[in-house]
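**Student:** Here it is, the structure in full.
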Amino acid sequence: MTTPPEDRAPTEPQLAAAADTFSMLASPARLHLVQLMSTGRYDVGELAERVGLSLPTTSQHLRKLRLTGIVSATREGRHSYYTVEDPHVVQLVEQIFEHIAPDGSLAPDPPRKDHP
């Protein structure tokens with residue numbers, strides 16, 4: 001027997017947390033940073049260079065992303081390395097770029113993944 005859809009409705013805390021996550025990803029700069037960090041770990045200088053932002057601006061974006069729990073930082077000596085460890089966030093970012101073509105239009109035939 002399957003559960004009716006209304007019984008699986010998200011709770012208010014879930015809706016608020018999801019909205020916060022989407023709000024953080026709504027910035028093109030932060031989305032680019034998250035996309036990069038979903039592929040590996042970077043220090044702030046590498047991220048700033050790859051995204052084309054100043055160090056202070058990149059640091060501000062990273063601070064916001066850390067406060068919301070989207071990215072984490074590991075300190076090694078004088079450097080902090082940032083990464084996205086949550087596989088759900090990684091999957092969300094991968095899926096949005098599968099859905100959008102390089103020219104910014106919706107992909108005409110988005111790849112489908114079979115779900116078990």
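The values are calculated or read from the model by the stated rules, or taken from the named source; none is laboratory data. Keep in mind it's a predicted model, so treat the numbers as computed, not measured. Positions of Cβ are backbone-derived with ideal geometry, glycine not excepted, and every protein chain shown enters the neighbour counts.
**Student:** Suppose we keep only residues that are of a type in the set (A, V, I, L, M), outside any loop (DSSP other than H, G, I, E, B) and modelled with pLDDT under 90 within the range 91-116. Which one would you say is surrounded by the fewest Cβ atoms within 10 Å (Cβ to Cβ)?
**Tutor:** Taking the range 91-116 and keeping what is of a type in the set (A, V, I, L, M), we get 92-93, 96, 100-101, 106-107.
Among the residues that remain, those that are also outside any loop (DSSP other than H, G, I, E, B) are: 92-93, 96, 100, 106.
Right, trim to modelled with pLDDT under 90 and you get 100, 106.
Values: I100: 13, L106: 8.
So the residue we want is L106.
**Student:** Could you tell me whether any residue of the range 72-86 is touching a strand residue (DSSP E or B) at 6+ places or on another chain (Cβ under 6 Å), aliphatic (A, V, I, L, M) and surrounded by 11 or more Cβ atoms within 10 Å (Cβ to Cβ)?
**Tutor:** The answer is yes, given that some residue of the range 72-86 is touching a strand residue (DSSP E or B) at 6+ places or on another chain (Cβ under 6 Å), aliphatic (A, V, I, L, M) and surrounded by 11 or more Cβ atoms within 10 Å (Cβ to Cβ).
**Student:** Please state which of the following conditions A19 fails to meet, knowing it meets all the rest: (1) within 18 Å of E85 (Cβ to Cβ); (2) of a type in the set (G, A, S); (3) part of a helix (DSSP H, G or I).
**Tutor:** So the condition that A19 fails would be (1).
**Student:** Among what's in the range 36-48 and is surrounded by 13 or more Cβ atoms within 10 Å (Cβ to Cβ) and more than 15 Å from the chain's Cα centre (by Cα), pick the residue that is nearest to Y81 (Cα to Cα).
**Tutor:** Among them, the one singled out is D43.
**Student:** Among residues belonging to the range 8-28 that are farther than 18 Å from L92 by Cα and not charged (D, E, K, R), point out the one that is modelled with the lowest pLDDT.
**Tutor:** A9
**Student:** Only one residue in L36, L47, L31 is more than 20 Å from Q95 (Cα to Cα), assigned to a helix (DSSP H, G or I) and modelled with pLDDT of 95 or more. Which one? I'd like the intermediate steps shown before the answer.
**Tutor:** Working: L36 fails: more than 20 Å from Q95 (Cα to Cα); L31 fails: more than 20 Å from Q95 (Cα to Cα).
None of the other options fit; the residue is L47.
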